[in-house]
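The numbers here are math on the coordinates, done by the rules we state, and not lab data. In this text the structure is predicted, and so the values were computed from the model without any measurement. Every residue, glycine among them, receives a Cβ derived from its backbone with ideal geometry; neighbour counts consider all protein chains shown.
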Amino acid sequence: MTQSIFESIKHTNKDRWEYWSARELALVLWYKQWRNFENVIWKAIDSCKTAWNRISYHFAEVSKPIMSGKWGTQFVVDYELSRYACSIIAQNGDPKKEPIALAQMYFASQTRKQELFQEYLADKQRLGERIKYSETDKELSGTLYNKWLKSPQIATVKAKWQKVFYNASPEVIRKKYGISEKKPIVDRAPDILITAQSLANQMTAMNVDKNANLSTENTITREHMINNQSVRKTLIERWIIPESLSPAPDTKKLPKKIQQYEDGLWGGLLE
């Protein structure tokens, strides 16, 4: 028996989600009696509950038609199992059965592949948000430059928004994030906060560009602070408190990590 046997019995539903039939998996794992395999399924479900996973997602109970001699077609209980569910079942299976060890290796490695892929997608999204923030920051700088503000004035405008947005000094946030004075706070900010800060930048740039009355350092600083207060208020109304969120992975390290994934430097996990 090879690991390809598990691929051969894999199904895909109408939403293109992969799953395995418990009845088919039972045969591959050398369970002749369904009731014995169903006991393994229930153990796996208990393990899934302990891990606070959604049971209906990983163990979808369905009816399966079978031919039963003179009685014709009958319907029996079956389960559409996720890859994660199959992995737990293999862990709870009879270790004396040869296919169990193979199933453990197969589903564990495949599950890890999926985890890495999801992590990769999250990293790509986070890096994208950071790049967008840099673009809005440059847009804001350009707008302020067109209002004849000099570099020190532009830096002052940008420095004051952080205290308003986080309701704390930059020093406090840097200490919470564990970063030095020179490192931008945004590099360790959670994705939602990077997005929010990009929006505030765009709001200020647009309003300053359209409003002739916003032409001095003081008026522009006030405008930028108001926009950050507005964004902060929206977050808080949805129970998102910026200063209470934990730091996220450093965006400066993401390009190399993403490139390693795309180059296949994760070894056999990407084979």
Cα pair distances of the stretch 54-125 binned at 5 Å [whole percent] = 3, 15, 14, 15, 16, 14, 10, 6, 3, 2, 1, 0
Taking only the alpha carbons of the stretch 186-264, what extent do you get along each of the three principal axes, in Å, biggest first?
-> 54, 28, 16
Under the rule rounded for a/c under 1.5, else prolate if a/b exceeds b/c, else oblate, using alpha carbon gyration tensor axes a ≥ b ≥ c, the stretch 7-65 is classed as oblate
In Å, what is the Rg of the alpha-carbon atoms in the chain, and how long is Dmax?
-> 27.4, 91
Under-5 Å amide H pairs with Lys10, H placed in peptide plane, nonlocal only | none
Tell me what the chain gives for mean residue ellipticity at 222 nm when only DSSP H runs of n ≥ 4 count, each as -39,500 (n - 2.57), the sum divided by the residue total, rounded to 500 deg cm²/dmol.
-> -20000 deg cm²/dmol
Hey, what angle do you get for helix 217-237 against the long axis of the chain, alpha-carbon based, 0 to 90 degrees rounded to 10?
-> 30 degrees
List the residues whose amide H sits under 5 Å from the amide H of Ala248, counting only those 5 or more places along or on another chain, with H placed 1.01 Å from N in the peptide plane.
-> Ala189
Could you put Thr221, Thr73, Thr195 in order, starting from the residue whose Cβ has the fewest other Cβ atoms within 10 Å?
-> Thr73, Thr195, Thr221
Lys124-Gln74 FRET efficiency (beta carbon distance; Förster radius 35 Å; 0.05 resolution) = 0.10
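On alpha carbon coordinates alone, what is the Rg over Rh value for the stretch 118-270, Rh being the Kirkwood radius? Spell out each step's value before the answer.
Working: Rg = 17.1 Å, Rh = 16.6 Å.
Ratio value, two decimals: 1.03.
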Which of the residue pairs Lys182/Lys210; Lys150/Lys252; Lys158/Lys253; Lys49/Lys96; Lys160/Lys252; Lys176/Lys252 have a Cα-Cα distance greater than 21 Å in the structure shown?
-> Lys182/Lys210; Lys150/Lys252; Lys158/Lys253; Lys49/Lys96; Lys160/Lys252
